[in-house]
1. If I filter the stretch 1-51 down to residues being farther than 29 Å from Asn175 by Cα and of a type in the set (Lys, Arg), which single residue comes out as surrounded by the fewest Cβ atoms within 10 Å (Cβ to Cβ)?
2. Those residues that are at pLDDT 95 or above, open to solvent by 20 Å² or more (accessible area, probe 1.4 Å) and in a strand (DSSP E or B), I need them from the stretch 52-78; list them, please.
3. Of all the residues that make up the stretch 120-158, how many are in a loop (DSSP other than H, G, I, E, B), open to solvent by 10 Å² or more (accessible area, probe 1.4 Å) and farther than 16 Å from Met44 by Cα?
4. Kindly list, by first and then second residue, each pair from a residue in the stretch 80-109 that is over 30 Å from Thr42 (Cβ atoms) and open to solvent by less than 60 Å² (accessible area, probe 1.4 Å) to a residue that is of a type in the set (Ser, Thr, Tyr) and part of a helix (DSSP H, G or I), limited to pairs with Cβ atoms under 8 Å and residues at least 6 apart or on different chains.
5. Suppose we filter the stretch 66-87 for residues that are among the β-branched types (Val, Ile, Thr) and over 20 Å from Ser178 (Cβ atoms); how many remain?
6. Report, by residue number, each residue of the stretch 126-150 that is more than 17 Å from Ser83 (Cα to Cα) and modelled with pLDDT of 95 or more.
7. Go through Arg167, Arg125, Arg130, Arg181 for me and flag whichever is in contact with a Lys or Arg (Cβ under 8 Å, 6 or more places away or on another chain) and of a type in the set (Lys, Arg).
8. Being modelled with pLDDT of 95 or more, assigned to a helix (DSSP H, G or I) and among the hydrophobic types (A, V, I, L, M, F, W, C), is that true of even one residue in the stretch 103-113?
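The values are calculated or read from the model by the stated rules, or taken from the named source; none is laboratory data. Just so it is clear, the structure is predicted and the values come from calculations on it, not from any experiment. We place every Cβ from the backbone using ideal geometry, glycine too, and count neighbours over all the protein chains shown. Please note that ligands, DNA and RNA were not included when accessible areas were found on the heavy atoms of the full protein model with its side chains. Shrake-Rupley method; radii C 1.70, N 1.55, O 1.52, S 1.80 Å.
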Amino acid sequence: MEIQIQALNKSFGKTKVLDNISLTIGNGMFGLLGRNGSGKTTLMQILATLEKPTSGTITFDKIPLGDTRQVRSLIGYLPQEFSLYPDMSVLEIMRYLAALSNLPVKVQHQRIPELLKKVNLWEDREKKVRKLSGGMKRRLGIAGALLHNPRILIADEPTAGLDPLERLRFYTLLNDFSTNRIVIVSSHIVSDIEAMCEKAAVLDTGKLLFHGTVEDDYMKMLRQLEQEVKK
């Protein structure tokens, strides 16, 4: 699987949010790094077909972004902020999302237990959403995004607000799902991207500053600057 982004631009009125972005994303974990307002969320929303680009092209293994129905069948999306019905149980949420995805009942009976076990929520399947921790809600969101077995998973700031232990669990979970699948995650924390990803892109005010491996000297420089700021 490969995503090709060519000369992508996005403007809201007179404000240019993405400026001539070109990059290729292949299988495995891919990180989008940048400060708040850098354009990460807008790029992810475009990839998830929730926003339309102003200009430029995106293809998913030669399937154009404009073929919305086919592209959406390839994608699971976890936004930074997502709502779950607080009085529904974990199992009820999964069944509800499966129905929205038009999954046959036979497939639901197989996929729901399988995914809840993978995200370590099977034992909590009868627990109400309002009683879940932040990390558990994030894991439930991932399980829901994977119900239709997408080839691409897009997660916007998936570890925001999680404690260090939950973040580590989440990194491991996402890494497990990245086998033979594209997993795109965004963060404003360099160490998060280094921990999760092999390749990354850095955005700032809508411009692509870097695209390569996390072992590159540019990424090491950013990590050093981040550590100095924390001192």
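1. Per the stated criteria, the residue is Lys14.
2. Ser55, Gly56, Thr57, Thr59, Ile63, Pro64
3. Going through the stretch 120-158 one residue at a time, the tally reaches 8.
4. Met88/Tyr96
5. Taking the stretch 66-87 first, the residues among the β-branched types (Val, Ile, Thr) are 68, 71, 75.
If we keep only those that are over 20 Å from Ser178 (Cβ atoms) too, we end up with 68.
Adding up the residues that qualify gives 1.
6. The answer is Glu126, and nothing else.
7. Values: Arg167 fails: in contact with a Lys or Arg (Cβ under 8 Å, 6 or more places away or on another chain); Arg125 fails: in contact with a Lys or Arg (Cβ under 8 Å, 6 or more places away or on another chain); Arg130 fails: in contact with a Lys or Arg (Cβ under 8 Å, 6 or more places away or on another chain).
Result: Arg181 is the single residue among Arg167, Arg125, Arg130, Arg181 that is in contact with a Lys or Arg (Cβ under 8 Å, 6 or more places away or on another chain) and of a type in the set (Lys, Arg).
8. Scanning the stretch 103-113, I find at least one residue that is modelled with pLDDT of 95 or more, assigned to a helix (DSSP H, G or I) and among the hydrophobic types (A, V, I, L, M, F, W, C), so the answer is yes.
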